[in-house]
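Chemist: Below is one structure. I have some questions about it.
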Amino acid sequence: LFPFLLFYWLTPFLSSNSLGADYIRYSFSQQLELLFSLKTGSFPLYVPGFSSGHSSAALTLGQIFHPISHIASLLPGYWDGKALEWNNFLKLLSLGLTQLILFTFLRNVRTSLFFSFLLSFITVYNLRLLDLFRDGANLEAYTGYLVLCSAIGWYFIRPTKWVGPLCIGGSAYLLTCSGHPEEMYYGFFGAALF
């Protein structure tokens with residue numbers, strides 16, 4: 001619930017505020033185009049509307065392979081004008097889960113309760129996060145990167161046969177299909193350094 005309290009002014013279905021007029025132009029329209037094509041049984045080769053019609057950027061920013069876009073499309077009202085609200089809800093939820101995973105990892109490396117919360121709070125919620133949130137797909141790259149680093153750290157502390165590699169592979173998938181290639185490369189570079 002922490003991100004919903006921290007970003008109370010952005011909470012979906014309760015507030016009509018946004019991060020800016022360009023917030024809805026980056027990924028939501030492309031996501032709707034892509035998911036509509038999939039729903040009607042086709043795969044789009046061209047998605048208009050982003051940066052003078054560069055379909056490669058629109059196809060990545062639409063996050064066709066990321067689970068968050070498919071989950072959003074299954075929620076009630078998504079196709080009736082509530083796509084922005086459901087995407088905001090899922091993004092805030094992913095921030096909360098990311099902080100919880102990072103907090104739990106820090107507690108397992110024997111960091112005190114206060115410093116675990118403080119470090120996870122500063123890492124997940126910072127000023128750069130608001131710009132990533134505004135850009136849409138960058139936020140999923142950021143959360144995927146933090147979850148990947150936490151999964152690698154968990155596996156280093158407690159190696160397991162199946163769970164650790166599955167968590168690392170799953171979080172690497174989330175980072176890979178986040179929708180912003182540059183942020184994905186930076187995320188994998190940061191995870192390699194970690």
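The values are calculated or read from the model by the stated rules, or taken from the named source; none is laboratory data. All values derive from a computational prediction rather than experimental measurement. Here Cβ is always computed from backbone atoms with ideal geometry, including for glycine, and neighbour counts include all displayed protein chains. Side chains included, ligands, DNA and RNA excluded: accessible areas come from the protein's heavy atoms. Shrake-Rupley method; radii C 1.70, N 1.55, O 1.52, S 1.80 Å.
Chemist: Within the range 98-112, is there a residue that is modelled with pLDDT under 95, at positive phi and not in a helix (DSSP H, G or I)?
Modeler: The answer is yes; a qualifying residue exists.
Chemist: Answer with yes or no whether R134 is at pLDDT below 95 and more than 25 Å from E85 (Cβ to Cβ). I'd like the intermediate steps shown before the answer.
Modeler: On the way: at pLDDT below 95: yes; more than 25 Å from E85 (Cβ to Cβ): no.
In short, no.
Chemist: Sticking with this one: Hey, L127 hits all of (1) more than 28 Å from L32 (Cβ to Cβ); (2) of a type in the set (A, V, I, L, M); (3) in contact with a Ser or Thr (Cβ under 9 Å, 6 or more places away or on another chain) but one; which does it fall short on?
Modeler: (3)
Chemist: If you take the residues of the range 163-194 that are within 19 Å of the chain's Cα centre (by Cα) and not in a helix (DSSP H, G or I), which of them is modelled with the highest pLDDT?
Modeler: Here the answer is C177.
This table checks each residue for (1) within 15 Å of the chain's Cα centre (by Cα); (2) open to solvent by 10 Å² or more (accessible area, probe 1.4 Å); (3) in contact (Cβ under 8 Å) with a residue 60 or more places away in the chain.
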position	(1), (2), (3)
F114	no, yes, no
F117	no, yes, no
I122	no, yes, no
L127	no, yes, no
L130	yes, yes, yes
D135	yes, yes, yes
E140	yes, no, yes
V147	yes, yes, no
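Chemist: In the range 59-78, what count of residues is obtained for those that are outside any helix (DSSP H, G or I) and open to solvent by 50 Å² or more (accessible area, probe 1.4 Å)? Lay out the reasoning, then the answer.
Modeler: Going through the range 59-78, the residues outside any helix (DSSP H, G or I) turn out to be 62-66, 75-77.
Subset that is open to solvent by 50 Å² or more (accessible area, probe 1.4 Å): 65, 76.
Adding up the residues that qualify gives 2.
Chemist: Within the range 79-99, track down each residue that is open to solvent by less than 50 Å² (accessible area, probe 1.4 Å) and over 17 Å from T11 (Cβ atoms).
Modeler: T98
Chemist: Take the range 151-162 and flag every residue that is under 22 Å from the mean Cα position of the chain (by Cα) and among the β-branched types (V, I, T).
Modeler: I152
Chemist: So which of Q63, Q30 ends up being at pLDDT 75 or above and within 15 Å of F133 (Cβ to Cβ)? Step through it out loud before you land on a result.
Modeler: Details: Q30 fails: within 15 Å of F133 (Cβ to Cβ).
Just one listed residue meets the conditions, Q63.
Chemist: What pairs can you find where one residue is in the range 74-90 and closer than 22 Å to L1 by Cβ and of a type in the set (S, T, N, Q), the other is open to solvent by less than 60 Å² (accessible area, probe 1.4 Å) and in a helix (DSSP H, G or I), and their Cβ atoms are less than 6 Å apart, with a gap of 6+ or different chains?
Modeler: As it stands, the answer is N87/A72, since those pairs meet every condition given.
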